[in-house]
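A short write-up of the structure that comes next.
The values are calculated or read from the model by the stated rules, or taken from the named source; none is laboratory data. Keep in mind that this is a model prediction, so the values were computed, not measured. Positions of Cβ are generated from backbone atoms using ideal geometry, with glycine treated the same way; all protein chains shown enter the neighbour counts.
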Amino acid sequence: MPPKGSSRGRSAAQAAQNAVLTGKQSRWATGHSEPEPTVASLQESLELSKARIQELEERVAELETAVRFHEQHSAELSQALVNEKDKSAMLAEDLSAQVEHSTTLYKSLRVERRAQQRGQARKGRMEEQIRLLKSADSRMSSDLHKIKSNASKAIDVLLKVEKENSTLRSELSNTLERCTAEAIVAQKKLNQASQKMKEQKNLAANLKKRCDRAAVVQANALKRANERAKKENCVHNLLKKGVYTEKTQNLIRLLVQAGCS
């Protein structure tokens, strides 16, 4: 707070000044002209001026003190403002770090929640699988009992089938021996048939050669017969009075023998 001045001195000077001003105003109001100043009045005015000056100096000192106080207070407030700004910046940084940390924690919390949800779902599936396995175990135990009972029956059937298989194997062995013997006989017959077929092929080839030679001979005979007929008669009458002549009959027999029928 600014220092306070002497209130008593200020009050006395203020009262004297007010009295002087009141007297002047009363004289002006009554119309009297101001009298010539005397030494006493001048002395009084000087005292009043000194008091006023002293009051003003005290007021100036008070104002200077107040100004210095306000400057000091302003400097303190400025320093406090700078400190508050620095503190606000630090708090902002801390807040940003806390926000980032909160964001990280929230993400981690979401991940944990999802993992917990997945774990709960997996737990439910596992419990369902355990229940199914228990029911399957009970069914498997009953099925196993049935299988054991069926296995004894199957063993009896298998022994019976083994006996039948031994009988069938002996029959199959006998049948195989007969088939082997028959196959040997059939192979011999096949070899004989192949030999006969080979002979028949050779015979057919010989016959074909003979037929080819016979065709050549027939063609040559026809050619000679035609040439001879042309030499004997250029025109041969097959009929004479509606009856085949002896030459015609001989020619027909020759052509029939030659295979030209």
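General observations
- So LYS85, is it at negative phi and under 30 Å from the mean Cα position of the chain (by Cα): no
- The condition (being among the charged types (D, E, K, R) and at pLDDT 85 or above) is satisfied by just one residue among ARG125, ARG139: ARG125.
- Residue tally, condition free of Cβ contacts under 8 Å to residues at least 40 places away in the same chain and in contact with a helix residue (DSSP H, G or I) (Cβ under 7 Å, 6 or more places away or on another chain), over region 40-66: 2
- Yes/no for ALA214 being surrounded by 10 or more Cβ atoms within 10 Å (Cβ to Cβ) and closer than 29 Å to LEU254 by Cβ: yes
- Listed by first and then second residue, the pairs linking a residue in region 243-257 that is farther than 13 Å from ALA221 by Cα and in a helix (DSSP H, G or I) to a residue that is of a type in the set (S, T, N, Q) and at pLDDT 80 or above, with Cβ atoms under 6 Å apart and 6 or more places separating them unless they lie on different chains, form an empty list.
- Total residues in region 222-236, condition at pLDDT 65 or above and closer than 14 Å to ASN250 by Cα: 5
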